[in-house]
Amino acid sequence: MNVVFLGPPGAGKGTQARRLAERYRVPQIATGDILREAMASGSELGRRAKAYYDRGELVPDEVMLEVVANRLRQPDASGGFVLDGFPRTVPQAEGLDRVLAQLGRRLEVAVLFQAPREVLVRRLSGRWVCRARGHVYHEVYRPPQVPGRCDHDGSELVQREDDRPETVERRLEVYERQTAPLVEYYRKRGLLHSVDASGDEEEVSRQVEAVLRQAGVV
Ligand code: AP5
C-alpha cells in the first residue's frame, strides 16, 4: 500500500491515516507530526522548521524531501506507507516520485479529502491534542473520557500553536495556493480519487476503503 492523503487543514487526513495504518499495519508518515516532534526536542530540523510552522507557511521543499526520503528508507516502510501531509507542492510530488523510483516502487493512489471551509474551521478550532504523543481529540466530535486528559496516556490536552484563528486562515490560503495544484498533478497521472470528508469519521473511513478497493490497493 503506497498511498498519499491530500487535502486542506482539518479535513481529517491524520484521523483517517491513523485508522488505515493500524488496520493494514503500515506506517503513517505524517510530516506535521515529524516536525512537531522535532520542535519539541529542539533538534536542528525543529529549529529550521519553527518559524515557518508558527506562521502557517510551508517548510522549504528540500528540507521536507530529505525528511521523507530518509523515513521511506526505514525497514518498517518497505511493505507500504500512508503519507499524510506530504507532498504539499509540485516539487515535493516530483521528489517523491524520484525517491520511490530509486526504491523500485511507485505511488498507487492519492486520496483527496474535500470538505467545505466552515467544516474545516469548526474541526480545527475544536481540536485538542495530547502533549505526550499527539493523540487527537475534538471537543464535540471526539471528546476525551476525562475532560482535558488523554484517554491513552493521561497526559494533558493542549491546542496546537497553529490552530489559532489567524494561523488557520494563513494555512487555508497556503493550501489553496501551493497544495491545490497537486490535484491536477495526480489527476493527470490517473492516481487521484476524491472522498467527501464532511461526514463523520466512520462514513469517511468507509469511503476511503472503497476508494482503495477500487484502485486495487486493498
Ligand atoms: P500538518 O500537521 O500536516 O497539518 P495540516 O495538513 O494542516 O492538517 P491538520 O493536521 O491540521 O488536519 P488533518 O486533515 O490531519 O485533520 P485531523 O485528522 O487532525 O502540518 C502543519 C504544518 O507543518 C504546516 O502548516 C507546515 O508548516 C508544516 N508542514 C507539514 N508538512 C509539510 C510539508 N510536506 N511541506 C512543508 N511544510 C509542511 O482532524 C482535525 C480535527 O477534526 C480533529 O479534532 C479530529 O478529531 C476532527 N475530525 C477528523 N475527522 C473528523 C470527522 N470525519 N468528523 C468530525 N470530526 C473529525
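Values in this text are rule-based calculations from the coordinates and carry no lab data. Since we're looking at a predicted model, the values are computed, not measured. All Cβ positions, glycine included, derive from the backbone under ideal geometry; neighbour counts span all protein chains shown.
Observations
- Options Ala17, Ala51, Ala21, Ala38; residue that is part of a helix (DSSP H, G or I), farther than 18 Å from Leu172 by Cα and out of contact with any strand residue (DSSP E or B) (no Cβ under 6 Å at 6 or more places or on another chain): Ala38
- Across region 69-85, the number of residues qualifying as of a type in the set (A, V, I, L, M, F, W, C) and near the ligand (Cβ under 10 Å from one of its atoms) comes to 1.
- Scoring Glu37 on the criteria (1) more than 7 Å from the ligand (Cβ to nearest atom); (2) farther than 20 Å from Thr167 by Cα leaves a single failure, condition (2).
- Remark: Glu57 falls outside the filter, which requires a residue to be more than 11 Å from the ligand (Cβ to nearest atom) and either over 25 Å from Glu176 (Cβ atoms) or in contact with a helix residue (DSSP H, G or I) (Cβ under 7 Å, 6 or more places away or on another chain) (or both).
- For region 65-87, a tally of residues being in contact with a Leu (Cβ under 8 Å, 6 or more places away or on another chain) and either surrounded by 21 or more Cβ atoms within 10 Å (Cβ to Cβ) or among the β-branched types (Val, Ile, Thr) (or both) returns 7.
Here is a yes/no grid of residues against (1) touching a residue at least 12 places away in the same chain (Cβ under 8 Å); (2) of a type outside the set (Ser, Thr, Tyr); (3) near the ligand (Cβ under 8 Å from one of its atoms):
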{"site": "Leu96", "(1), (2), (3)": "yes, yes, no"}
{"site": "Gln102", "(1), (2), (3)": "no, yes, no"}
{"site": "Arg106", "(1), (2), (3)": "yes, yes, no"}
{"site": "Phe113", "(1), (2), (3)": "yes, yes, yes"}
{"site": "Glu118", "(1), (2), (3)": "no, yes, no"}
{"site": "Val121", "(1), (2), (3)": "yes, yes, no"}
{"site": "Trp128", "(1), (2), (3)": "yes, yes, yes"}
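- Test for Arg88: is it within 11 Å of the ligand (Cβ to nearest atom), within 23 Å of Pro165 (Cα to Cα) and in contact (Cβ under 8 Å) with a residue 60 or more places away in the chain: yes
Residues are listed down the side, and each one gets a yes or a no for (1) surrounded by fewer than 22 Cβ atoms within 10 Å (Cβ to Cβ); (2) of a type in the set (Lys, Arg); (3) in contact (Cβ under 8 Å) with a residue 60 or more places away in the chain; (4) within 22 Å of Gly95 (Cβ to Cβ):
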site	(1), (2), (3), (4)
Val4	no, no, yes, yes
Pro8	no, no, yes, yes
Pro27	yes, no, no, yes
Ala38	yes, no, no, yes
Gly42	yes, no, no, no
Gly46	yes, no, no, yes
Lys50	yes, yes, no, no
Asp54	yes, no, yes, no
